[in-house]
1. Tell me which trypsin sites (Lys or Arg not before Pro) from segment 214-293 have a DSSP coil assignment and no more than 13 other beta carbons within 10 Å of their own.
2. At 0.36 nm per residue, minus the direct Cα-Cα distance, what do residue 270 and residue 204 gain on full extension? Give it in nm, one decimal, please.
3. Would you calculate the separation in nanometres between label points at residue 151 and residue 89, each defined as 7 Å from the Cα along the Cα-to-beta-carbon direction?
4. Roughly what would the spin-label model give for residue 52 and residue 244, points 7 Å off Cα along C-beta, in nm?
5. Rounded, prolate or oblate: which one fits segment 44-126, using the alpha carbon gyration tensor with axes a ≥ b ≥ c (rounded when a/c is under 1.5, else prolate when a/b beats b/c, else oblate)?
6. In nm, to one decimal, how far is the modelled label at residue 160 from the one at residue 176, with both set 7 Å along Cα→Cβ?
7. When the chain is modelled as a GNM with alpha-carbon springs shorter than 10 Å, which of 170, 58, 155 fluctuates the most?
8. For the chain, what does the alpha-carbon gyration tensor say about shape, rounded, prolate or oblate, given a ≥ b ≥ c as the root eigenvalues, a/c under 1.5 as rounded, and a/b over b/c as prolate?
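Since every read-out is calculated from the coordinates, none of them should be taken as a lab result. These figures come from a predicted structure and were not determined experimentally. Because the Cβ atoms are built from the backbone with ideal geometry, glycine has one as well, and the counts that use them run over all protein chains shown.
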Amino acid sequence: MKKRINWIVFSLMIISFSFCQPISADVIDRIVAIVDDDIVTLVQLSKETSPYIKNIESSGYPDEKKKEMVQAINKKILTALIDQSLTRQEAKKYQINVSDTEINTAVENVKKAKSLSQEDLEKALGQERITLKEYRENIKKQILQSKLINYSVKSKVIITESDIKKRYESNAEKYSGKKKYHLRNILMANEDKMKEIKKKLDKNKGFALLAREYSIASNASDGGDLGTFDIHNFSESIKDSISKLNKGGFTDVISTAQGFQIFYIEDIVLEGVKTLQQAYDEIHEILYREQVDKKFKTWLESLKKKAHIKIML
């Protein structure tokens with residue numbers, strides 16, 4: 001092993017001095033990590049961190065803060081490159097490969113999903129400063145990791161009925177639907193006159209009839225019909241007044257930027273309600289992804305413990 005690593009190091013030195021074109025004049029290639037039979041170079045690391053470091057450089061933070069942020073991003077990206085090296089070597093060990101056909105299919109699926117032509121795709125990549133070759137390499141890494149996960153992790157993931165029911169019950173609010181209000185309103189410029197309308201409403205006069213007769217809003221002819229809303233983004237005063245009411249209720253006179261208003265609750269509906277059966281597949285997929293991710297991280301950590309990793313950054 002040691003002889004093989006020494007040979008790799010020597011070869012890299014020869015190549016870097018003879019043939020390699022560095023990313024910039026400031027980057028002189030060297031090894032920053034040894035991962036069993038593989039190495040991570042400074043050029044590789046610089047290429048991955050470059051977009052983040054450019055953002056840090058233009059962030060306006062003090063120099064000391066920038067230095068800390070650069071160190072943190074270097075450490076994070078180097079860890080990711082080490083993880084990639086380990087998974088790549090493990091895939092090679094089990095003879096897991098990714099063919100050009102699989103990469104081509106994945107690229108075509110992306111183009112189809114986003115309605116992109118080949119020219120559109122390459123233009124979009126160019127805006128992100130990514131070559132098509134680099135993009136295909138990234139896709140290859142994703143497919144390789146997915147295959148490795150299938151091989152080493154997914155068979156150990158078990159989702160039970162109890163797990164799904166428990167997640168459904170703990171997210172009851174999410175699956176109980178979003179409350180929406182079908183509203184009518186009456187708008188007037190004079191507060192005293194609006195208070196008179198409120199008295200008429202208190203005596204059970206029809207809201208739509210009063211809206212047609214007195215409202216100055218453009219929807220007056222429709223009986224003040226506003227439509228159906230999620231009131232979450234309404235002003236606090238309107239939201240608080242409406243949320244306390246049931247179907248058929250109406251607010252007090254509310255002062256708004258448009259004038260004085262009264263809102264009427266025509267109906268309250270719940271949209272997006274899902275029973276346990278309706279949410280079953282969605283919850284199963286969420287739990288499955290969570291367990292796969294957790295088990296993959298555990299598996300990766302076990303690889304790290306058994307691997308010879310030397311960081312020289």
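1. Within segment 214-293, the qualifying trypsin sites (Lys or Arg not before Pro) (loop, at most 13 other Cβ atoms within 10 Å) are 244, 247.
2. Once the chain is fully extended between residue 270 and residue 204, it gains 21.1 nm.
3. 1.5 nm
4. It is 5.1 nm.
5. oblate
6. So the label points at residue 160 and residue 176 sit 2.7 nm apart.
7. Top of the fluctuation ranking is 58.
8. Prolate, because a/c is 1.5 or more and a/b exceeds b/c.
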